[in-house]
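Enquirer: Okay, handing you the structure first.
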């Protein structure tokens with residue numbers, strides 16, 4: 001199974017930064033995924049620092065081999081108390097899971113997560129651990145066995161307390177309201193991605209407010225266990241020309257969506273497999289060359305210019321309706337992306353007429369890979385040829 005995870009957030013309407021903080025790390029080789037959502041006391045910079053400190057410490061402890069229970073207990077006993085409100089400076093939800101379905105969850109102070117299977121919310125058993133230092137702090141510890149199509153939903157109290165004190169929701173949206181939102185979204189779109197589900201939860205929480213303004217920091221983290229969506233991007237000719245046909249055939253035999261980035265690479269596949277290339281120059285958008293078409297290939301673009309622009313789009317989170325935008329959509333619509341990167345140098349990359357910021361192919365692919373893994377939580381494999 002693949003673990004699809006993503007977060008959506010909205011900061012309090014009069015603040016410049018988020019008071020909630022989310023961090024995660026995926027270990028491609030072992031299939032392990034660590035994630036932490038922390039809610040700092042109050043809002044703004046102070047809350048952000050507290051939440052960031054809590055999430056970062058927890059993730060670091062778990063990453064270095066400390067069990068999730070011990071890591072969370074250490075953090076719970078270490079967090080200072082607000083002298084005014086007499087409560088902890090931050091709360092958290094921590095997840096340690098892997099692709100075989102084993103999931104460990106620890107929560108302290110955050111709203112209880114949702115575990116959804118076949119459209120219904122499951123109520124798992126849990127262990128309660130009370131802090132020896134602060135008797136009013138309690139950790140809830142869960143051990144779950146996830147199945148294909150199971151989902152988890154975590155949130156900060158900005159979701160469950162949305163519209164608090166209003167005529168229709170005097171006690172806020174609460175857990176029951178969150179369950180209703182999630183069930184409706186899953187009924188409308190059973191295969192909805194974690195990214196889109198998280199965004200819709202945050203949007204619905206804001207819409208509950210009479211003035212449509214977030215009265216608190218709002219965060220929703222969604223996890224979706226499902227069969228992986230695989231894709232491959234073939235860019236650059238192989239170092240040894242004798243291997244051209246081998247890699248061209250490997251591309252066509254790949255079980256998933258296929259893209260080619262590079263005119264030389266497209267010509268290579270066309271030549272070796274006798275597949276014609278069709279290009280409509282009238283569809284060129286902006287400064288990037290137009291998209292081409294080949295039977296059996298989902299997307300064909302120019303190479304280094306398009307890859308460099310796609311990297312920029314991924315980094316900023318904003319993209320246009322051009323060839324690089326199409327490549328970004330192609331990558332974001334998958335879970336596991338394999339880059340087949342040719343090691344043969346292309347002299348065009350050193351053309352002095354090209355923009356100075358353009359890097360050679362390997363560096364661009366490495367940068368794209370890092371962004372996909374760290375910002376979009378994708379599983380990435382780079383295969384040099």
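Enquirer: Of 174, 137, 151, which residue is in contact (Cβ under 8 Å) with a residue 60 or more places away in the chain and more than 18 Å from residue 95 (Cβ to Cβ)?
Expert: 137
Enquirer: I'd like the residue in the stretch 347-370 that is modelled with pLDDT of 85 or more and closer than 18 Å to residue 261 by Cα and, out of all such residues, is surrounded by the fewest Cβ atoms within 10 Å (Cβ to Cβ).
Expert: So the residue we want is 363.
Enquirer: Another question, then. Regarding the stretch 264-272, can at least one residue be identified that is on the phi > 0 side of the Ramachandran plot, surrounded by 15 or more Cβ atoms within 10 Å (Cβ to Cβ) and either at pLDDT 95 or above or out of contact with any helix residue (DSSP H, G or I) (no Cβ under 6 Å at 6 or more places or on another chain) (or both)?
Expert: No, that holds for no residue.
Enquirer: Then there's this: Is it true that residue 315 is part of a loop (DSSP other than H, G, I, E, B), surrounded by fewer than 16 Cβ atoms within 10 Å (Cβ to Cβ) and in contact (Cβ under 8 Å) with a residue 24 or more places away in the chain?
Expert: Values: part of a loop (DSSP other than H, G, I, E, B): no; surrounded by fewer than 16 Cβ atoms within 10 Å (Cβ to Cβ): yes; in contact (Cβ under 8 Å) with a residue 24 or more places away in the chain: yes.
Considered against the rule, which asks whether it is part of a loop (DSSP other than H, G, I, E, B), surrounded by fewer than 16 Cβ atoms within 10 Å (Cβ to Cβ) and in contact (Cβ under 8 Å) with a residue 24 or more places away in the chain, residue 315 comes out as no.
Enquirer: Follow-up question, since we're still on this one. Hey, among 121, 153, 128, 182, which residue is more than 26 Å from residue 75 (Cβ to Cβ), assigned by TED's automatic domain parsing to the domain that holds residue 221 and in a strand (DSSP E or B)?
Expert: The conditions single out 121.
Enquirer: May I pose another question? If I filter the stretch 221-240 down to residues being assigned to a strand (DSSP E or B) and out of contact with any helix residue (DSSP H, G or I) (no Cβ under 7 Å at 6 or more places or on another chain), which single residue comes out as nearest to residue 162 (Cα to Cα)?
Expert: Looking at the filtered set, the residue picked out is 225.
Enquirer: Among 201, 260, 218, which is the only one that is assigned by TED's automatic domain parsing to the domain that holds residue 292, crowded, with 22+ Cβ neighbours inside 10 Å and either modelled with pLDDT of 95 or more or touching a helix residue (DSSP H, G or I) at 6+ places or on another chain (Cβ under 9 Å) (or both)?
Expert: 260
Enquirer: So which of 24, 30 is in contact (Cβ under 8 Å) with a residue 40 or more places away in the chain, assigned by TED's automatic domain parsing to the domain that holds residue 95 and exposed (fewer than 15 other Cβ atoms within 10 Å of the Cβ)? Before the answer, list the steps.
Expert: Details: 24 fails: exposed (fewer than 15 other Cβ atoms within 10 Å of the Cβ).
The unique qualifying residue is 30.
The values are calculated or read from the model by the stated rules, or taken from the named source; none is laboratory data. Computed from a predicted structure; not experimentally measured. Glycine gets a Cβ as well: all are built from the backbone with ideal geometry, and neighbour counts include every protein chain shown.
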